[in-house]
Structures are given as C-alpha cells and as structure tokens.
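For reference, the structure is listed below as structure tokens.
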C-alpha cells in the first residue's frame, strides 16, 4: 500500500470532486465517470500523526509519463516539489497565449517533460489532463497523442482527447475501433452513432439515433446533424439550424460530412490541422500551414513543401507571401548571392507579418550560411541569426545601432549600456544583472514549489510587451534563478524585438 503526504489533504480541501475546466471545444464523446468527492482529511484532535490517504501499491500515475527529459530542459526532476496536482493544473491552464517563440516552445516541452509527479497525482489526474490540454491548445496534436500513449491503456478522460485528435487528423478509424473493442470506454450517443455509420453499420446507427432521440440525449444541433448525416436525401434543401458559436471536432466532422464544412480561421488553432488534408483547396491549406507554423506546430520543411506546391494564381495578401517565399527558395537553390540578397528581406517580412518568421529562421540561417550577402540584406540576416540562436552569424551581421548592439550583447552575455532606454529595456537589464526575484517568488521557492513559481513567471511573460515591465523583470529574474539563462536571454531579446515592431 502507498500512503500520500498531507498535501493530499490540501488538494481535497480544494474540491477534488469539482473537475477543472478543460478546453471548451472538446467533443462530448465519452461518458466520463462521476467524480468522487473526497472529504477534507482532518486529523482527530488526539491523533499524534497527520492523516494519510491509502491507495494500492502500483496504482498507475499518468503524470509518470513524459517525452522530454528534465535534464534537456535544465530542470530538476523533482520540479513539482510539494505542490498539489490541482494547484499546478490551475496554474498551467491560466497561462494565456504566449507571444514569444522561445518561451512558447519551452512551454510545449515543459508539459511533455518526464518529472516526478505531484505527491497527490495518484488520486488526481488534473495536472496530466492540463498538460494534454496545453498541447491541444498549442495544436501539438502529435505530441499530445504520444503523451496519451505513454500514459498507458485507454481511459475515458484521456480517450476523450484521443478521439478529438483523431477527428482533427482524419484518423478516426482507430479511435472508433477503440470504442468498439474497449468495454472501459463508454461512448456518448453522438460518438457511437458517428462510429457506427463510419464503419458501415447504417441501420444500427439509425436505431441508436432513434433511441437517443427518445431519451432526449441529444442537443438540437447534434440531432439535426446526425439526421442529415445518416439520411442526407431526406433533408435535401432544408436549411440547417444556425451554427453554434463554438463547435467540437465531432460537430466539425459532421458538418463536413453533410457538405457544410466550417472555415477554421476563427476556430481554435488545433482545427487548422484538419485543413492540411489534400482534399481541401490550396489556399485553405496555405492559411492553415501559416497558422500552424506560427504556433510551432508544423515543421519548416512541411510548410515549405505546402508553399511550393504550385505557383500563386492571384496577387495580394497570402499570394504575395507565397510568392516571396518561393522567390527566395529559387534564389537559394541557385546560390546566387545577389538574388538571395534581394529576396531575403521580402520573404522575411512576409513571414514576420503572419508570425511564422521564428519557425523559418533555422532553415533560413542554414540557407544563407555560405552566402556573401549584400548590405541591403544584413539587418534581415541579423534578425534571422537572433531567432535561430546562431551567435556567430549575429556577430557577423549586427549593425552599429544601439538596438542591434544591445540585442547582440543580451544573447552573447556581454555587458551593454542603456542610453535613453524604454522601460522594457531597463527591465531586461535589471533581470540580467542578477536581480533577485521578488518575495512572492522566493516564498514559493522556499516552500519547495519551484514548478508553481515557474508557471507563474511564464504566465507573466506570456503577455509579451503588454505586461508590466517590472513584472517582466521579476519573471525573468525567477527564470534566471532556476538556471534557465539561455531561455531568459532569448526571451528578453524576442521581447525587445517585439516591442520595436509595434
């Protein structure tokens, strides 16, 4: 038997029976088990020892699963320390969209890290689910899928996410097989009907739909879509109900099946993965590729393959961006220094305008490494070097302006001066000078809650240049105190670049 420490009591007092809110677009695909409310564990007055919760030895703990070693991230394996799973999950889910590429990539790696689980993780999987939901929110569907597999056999809350990943990737056949063959997965009526129809069992699907209608188990939208899905000819020409403002991957697939495929531009970015299919138009694929590359969820190689699929058939907007990237690729292929020098700034500006410049920077740095660029491309090459962390290239192309020299000094860990600096630059300088983090961070560190402190700092920095400069300085100081010096310097440089482009 395994006894957990008193921190379990803290988790119970936080209302373990009240599940944390997941991302709001998950499909209602499985019947989740009713949460068990655990009463606060309060020791009786005469008890000489603190109370414990006893669970069978060997109980699987999803948070044991990880895909990235703590050492790779420069973190101790016991990062979560004395924090409860619920508190860590709340801190993770409260992090807004991260504006700087290096910090966004680090967050994606952090939630995949193989760390010692929180002490109460054996009875509370909320941190693991928050890790998955963070990856889904970042459109890292392959990573989320791998993490789910690493956690063990299918389980309702994890399978709910697996099912949606499969729907978005177009691999729902395997997910439907799990529903058919695993008695521990209890599918809801919409998911069951969808899978029955997908597997060719149309009559059984229709009977199941009738049962669901009789029991009042479907929303009006689900009922209408499933009726159209199973018998499109019966409802041909009839208008659909107004589309709800938020749709799940299952509803997305049902709309698609009846010929009413929703545009993904205003849906969460994970839906853009569905637009990578070759069955959609090239413009839609291009836009999805741009969004996913900006988020770090699509490799530069895949992005360039999609962009190079054919020649633009129009001009303006996305077509100008595609043309700029294609022109640069042609120049690189010819190794014509003059042509590369002409094409590089335009391609970089095009990528910058949609935020995927950082993702392309390593490819661009490699492409121009052996090219003697003309002066007009030097500043572009300097920014490419910063985002690809190529310090030798940064030194080669840095200009004499104070901005360039400051950025170079930050990344190379050399002293720099500040003259008439803006508040953000002053904040960066303070944090890099060894400023100790504030008392609120130190209290967490002293209480063996480093992970909480790290998540709190990431949440501050996620707001980018919109955050208060003193809060930025404090958050960077916290990262520096944890030994994440490279991350501090890259984030600081990216914040300053972000501010310069406003």
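The values are calculated or read from the model by the stated rules, or taken from the named source; none is laboratory data. All of these numbers come straight from a predicted model, not from anything done at the bench. With ideal geometry, Cβ positions are generated from the backbone for all residues, glycine too; neighbour counts draw on all protein chains shown.
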Those residues that are under 29 Å from the mean Cα position of the chain (by Cα) and more than 19 Å from residue 153 (Cβ to Cβ), I need them from the stretch 174-194; list them, please. 188, 190, 192, 194
Of 394, 409, which residue is free of Cβ contacts under 8 Å to residues at least 40 places away in the same chain and either more than 26 Å from residue 466 (Cβ to Cβ) or in contact with a strand residue (DSSP E or B) (Cβ under 9 Å, 6 or more places away or on another chain) (or both)? 394
So which helices (runs of 4 or more DSSP H) are wholly in the stretch 1-112 and hold at least 1 residues that are under 25 Å from residue 168 (Cα atoms), more than 21 Å from the chain's Cα centre (by Cα) and modelled with pLDDT of 95 or more? none
Residue check, residue 292 against (1) surrounded by fewer than 22 Cβ atoms within 10 Å (Cβ to Cβ); (2) within 30 Å of the chain's Cα centre (by Cα); (3) under 25 Å from residue 269 (Cβ atoms), all met but one. Which one? (1)
Residue satisfying condition, being farther than 30 Å from residue 136 by Cβ, surrounded by fewer than 16 Cβ atoms within 10 Å (Cβ to Cβ) and modelled with pLDDT of 95 or more, within set 334, 338, 315: 338
Taking the stated definitions as given, is residue 120 surrounded by 24 or more Cβ atoms within 10 Å (Cβ to Cβ) and in contact with a helix residue (DSSP H, G or I) (Cβ under 6 Å, 6 or more places away or on another chain)? yes
Residues to consider are 447, 463; find the one that is closer than 16 Å to residue 103 by Cβ, out of contact with any helix residue (DSSP H, G or I) (no Cβ under 7 Å at 6 or more places or on another chain) and touching a residue at least 60 places away in the same chain (Cβ under 8 Å). 463
Answer yes or no as to whether residue 254 is closer than 19 Å to residue 197 by Cβ, part of a helix (DSSP H, G or I) and in contact (Cβ under 8 Å) with a residue 12 or more places away in the chain. yes
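Yes/no per residue for (1) over 23 Å from the mean Cα position of the chain (by Cα); (2) crowded, with 24+ Cβ neighbours inside 10 Å:
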site: 464; (1), (2): no, no
site: 475; (1), (2): no, yes
site: 487; (1), (2): no, no
site: 491; (1), (2): no, yes
site: 497; (1), (2): no, no
site: 501; (1), (2): yes, no
